[in-house]
Amino acid sequence: MPNLKSSKKDMIRSRVRRVRNQACTSRVKTAVRSAREAIAGGDQSVATEATRTACRLLDKAASKGTIHKRQAVRRKARLARRLAKAASS
């Protein structure tokens with residue numbers, strides 16, 4: 001347990017940030033998973049909408065610093081590649 005007042009504040013702030021980041025990361029993971037499932041399901045319009053939602057959440061998480069911006073770009077590219085492959089077949 002910290003002794004200094006500023007250290008106590010830092011601990012509280014980091015706890016709040018951790019909870020916020022966990023919530024954001026969880027939302028992103030759920031959206032990406034549902035997009036993958038929608039793509040595998042075969043319905044093109046549902047898959048496109050789910051992918052769009054996942055991309056929007058990835059961009060938000062990257063802009064807030066929860067995940068790295070290149071990680072967001074990589075995940076979006078992989079989703080887009082899966083969607084294009086499912087649309088072509």
Which value at 222 nm does the chain reach when only helices count, each DSSP H run of 4 or more adding -39,500 (n - 2.57), with the total divided by all residues and rounded to the nearest 500 deg cm²/dmol?
-31000 deg cm²/dmol
Take the residue pairs K5/K69; K9/K69; K8/K76; K9/K60; K8/K64; K9/K76 and return only those whose Cα atoms are more than 31 Å apart.
K5/K69; K8/K76; K9/K76
Would you grab the residues whose amide H sits under 5 Å from the one on I67? Only those 5+ places off in sequence or on another chain, please, with H modelled 1.01 Å from N.
A62
How much length would be gained if the chain were fully extended between S26 and M1, taking 0.36 nm per residue of separation minus their Cα-Cα distance, in nm to one decimal?
6.1 nm
Classified through the alpha carbon gyration tensor (a ≥ b ≥ c as square roots of its eigenvalues; rounded if a/c is under 1.5, else prolate when a/b is larger than b/c, else oblate), the chain comes out prolate
For a quick check, take a GNM of the chain with Cα springs below 10 Å and name the residue from I39, I67, I12 with the largest mean-square fluctuation.
I12
Relative to the longest principal axis of the C-alpha atoms of the chain, give the angle of the C-alpha long axis of helix 44-64, reported between 0 and 90° and rounded to the nearest 10°.
20 degrees
On a 0 to 90 degree scale, rounded to 10, what angle separates helix 69-88 from the longest Cα axis of the chain?
20 degrees
Comparing R75, R33, R18, which has the greatest mean-square fluctuation in the GNM of the chain with Cα pairs linked when under 10 Å apart?
R18
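Throughout, read-outs are computed from the coordinates displayed, never taken from laboratory work. These numbers were taken from a predicted model, which means no experiment stands behind them.
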